[in-house]
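S.K.: The structure's right below; bear with me while I get my questions together.
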Amino acid sequence: MKIHLRLIRRVVAVVARNPDIRRVQIAFSAFNGAEWAVWIAMLVYAYGRGGATAAGLVALFQMIPATLFAPFAAVLGDRYRPARVLTLGYFIQATAMGATAAALLLDGPPALAYTCAAVAATATTMTRPTMAALTPGLCRTPEELTASNVVAGWSESTSILVAPALAGLILAVSSPGWVFLVMGTAVLGGALLVMSIPGPAANPASGTSVRKELVEGFSVVASEPSARTLVGLLGAEQIALGMLDVLYVVLAVSVLGMGNGGAGYLNAAFGLGGALAIAITATLVGRARLIPAIVGALAVWATAFILLAIVSTIVAAMLLLVVAGASHSLFDVSGRTLLQRTAPPEVLARVFGVLECLMSAGIATGALLAPLLVHLGGTTAAIVGTGILLPVMALLIGRRLFALDASATVPIVEIGLLRSLRLFSALSPPSLEGIARSLQPLEATAGTPIVTQGEDGEHYYAIAEGELEVVIDGKRVTVLTRGDGFGEIALLHDCTRTATVAALTDVKLYSLAKEPFLQVLTGHPAAMDSATAIVAERR
């Protein structure tokens, strides 16, 4: 237990040290909670007007536009500054949730409420692909990226616990409209929190047509075995979750006699499992192999649902959903981290956009499949189907699944850092990846000189974390921070160092040797122009 607590504290500390990541994660928690709570509220609203079939159709009505829009939303995260796109998405979601609340609370036409909710669901597709493109650019080390993904998984799990429980409480004493109003306010707070984060610039390759960029994401998924395998598996996960969304309502109202609020409580039990899995997912930080975690999670998931089909008491159902939620959290964090490690960085948002498209389609498919299974074989058939879907797909994938760890070698954090440097911002994605693979990490304590005026220069340095002072002839001329680099003058002009650069705080750097540095600049005129301009400013 002490070891697990130490791991949790370590992960939290890694994320807390980065203020931008910290704010992004808080806003993401608000988003996740709102997404789950309003989804439950709308299903309950529809179920009260037409049973499981109506709930499934309303889910389909919300997911079709989300499915169609998701790839376009992903292009935005690569084409424009991802931090700005994330903020815009949150504002649209908050507005649409507020409009849905007004339609429900003022007893407007159901079609109006369904339409406003569909707009909110469609806008949510902007969040996860943009987060996937933004986070590597805000992280300073690979460990920080994994820790950020783990915390994102924790926030999803705890949001699934807290938000549905809150939704169940509101539904028990009031109506779905109030759920939309409360959650819309939470998302608005998240938008205000992230709107001041600058984040990395837009992808330098953006400039082609939207159609070409859109197709590129699908092409990568179709042509890259690792991306195709992971996107397919994570997409199938959403079918199971879509089935489970409808089963919450069926179990609560028709099987367990818990009433409308019971759907929220069952969903909260699922979220509790994810929250309890925090100690398990903390062990993923720094782990090179993630496939064993994925396989173990699928085995536990299947077992939980098979047992759920056998028992029929409230306590047993709640406990088994806790177990299922824990396995889902482990599977989701492992799968998304592995996809981030393997997908080409220049189309990362679009790859996650394809996943978001499949997620929306999967949830809609699952929401329709569950009522069909209930009609054909009863609730038991629907529960068993939910449990075996993912393991069966994993078995069909076979050896490709176990080969994924070996292909997870893309230095995505290093690429994100290089993209933020003026010197390298004009380089093509393949060139950036080539440089990133040549970078060597370096840490130094406060007071340590990194380069000294008058010595020979053999490396260029990019700052990932901390502050350094630049001193010329004993006089401080400037202070450098994350996103700055130094050392280019000695390399470009084959001269001694023109300044001393020393750490003011503990720092983390990446060094690039002279040969690959000169090779990439001499082969790219735009990068050489940037280097020349920087040198002119500093001399």
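S.K.: With the condition kept exactly as written, say whether any residue in the stretch 279-295 is of a type in the set (A, V, I, L, M), in contact with a Pro (Cβ under 7 Å, 6 or more places away or on another chain) and at pLDDT 80 or above. Step through it out loud before you land on a result.
M.R.: Our first condition is that a residue be of a type in the set (A, V, I, L, M); within the stretch 279-295, this holds for 279-280, 282, 284-285, 288, 290-291, 293-295.
Next, only the ones that are in contact with a Pro (Cβ under 7 Å, 6 or more places away or on another chain) stay: none.
Checked against the condition, which is being of a type in the set (A, V, I, L, M), in contact with a Pro (Cβ under 7 Å, 6 or more places away or on another chain) and at pLDDT 80 or above, the stretch 279-295 yields no hits at all.
S.K.: Test A490 against the stated conditions and say whether it is part of a strand (DSSP E or B), at pLDDT 80 or above and surrounded by 13 or more Cβ atoms within 10 Å (Cβ to Cβ). Working first, answer last.
M.R.: On the way: part of a strand (DSSP E or B): no; at pLDDT 80 or above: yes; surrounded by 13 or more Cβ atoms within 10 Å (Cβ to Cβ): yes.
When the stated conditions are applied, A490 does not pass them.
Each row is one residue, and each column tells you yes or no for (1) farther than 24 Å from A46 by Cβ; (2) among the small types (G, A, S); (3) assigned by TED's automatic domain parsing to the domain that holds A46; (4) within 22 Å of the chain's Cα centre (by Cα).
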position: S226; (1), (2), (3), (4): yes, yes, yes, yes
position: V231; (1), (2), (3), (4): yes, no, yes, yes
position: A240; (1), (2), (3), (4): no, yes, yes, yes
position: M243; (1), (2), (3), (4): no, no, yes, no
position: L247; (1), (2), (3), (4): no, no, yes, no
position: G262; (1), (2), (3), (4): no, yes, yes, no
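S.K.: Just to check your reading of the model, which residue among S530, S511 is within 33 Å of the chain's Cα centre (by Cα), modelled with pLDDT under 85 and not aliphatic (A, V, I, L, M)?
M.R.: Values: S511 fails: modelled with pLDDT under 85.
The conditions single out S530.
S.K.: Does M258 fit the bill of being surrounded by fewer than 24 Cβ atoms within 10 Å (Cβ to Cβ) and either in the same structural domain as A41 (by TED's automatic domain parsing) or of a type in the set (S, T, N, Q) (or both)?
M.R.: Working: surrounded by fewer than 24 Cβ atoms within 10 Å (Cβ to Cβ): yes; either in the same structural domain as A41 (by TED's automatic domain parsing) or of a type in the set (S, T, N, Q) (or both): yes.
The answer is yes for M258.
S.K.: So M1 ticks every box in (1) within 18 Å of the chain's Cα centre (by Cα); (2) at pLDDT below 85 but one. Which box is left unticked?
M.R.: (1)
S.K.: Of (1) part of a helix (DSSP H, G or I); (2) surrounded by fewer than 24 Cβ atoms within 10 Å (Cβ to Cβ), A59 satisfies all except one. Which?
M.R.: In the conditions (1) part of a helix (DSSP H, G or I); (2) surrounded by fewer than 24 Cβ atoms within 10 Å (Cβ to Cβ), A59 misses (2) alone.
S.K.: Right, something else. Among (1) part of a loop (DSSP other than H, G, I, E, B); (2) at pLDDT below 80, there is one condition G108 misses while meeting the rest; what is its number?
M.R.: Condition not satisfied by G108: (2).
S.K.: Next question. Which ones in the stretch 441-469 are crowded, with 19+ Cβ neighbours inside 10 Å and assigned to a loop (DSSP other than H, G, I, E, B)?
M.R.: Of everything in the stretch 441-469, those that are crowded, with 19+ Cβ neighbours inside 10 Å and assigned to a loop (DSSP other than H, G, I, E, B) turn out to be G457, G466.
The values are calculated or read from the model by the stated rules, or taken from the named source; none is laboratory data. Note that this is a predicted model, so its numbers are computed, not measured. Quick reminder, even Gly has a Cβ in these numbers, built from the backbone with ideal geometry, and neighbours come from all protein chains shown.
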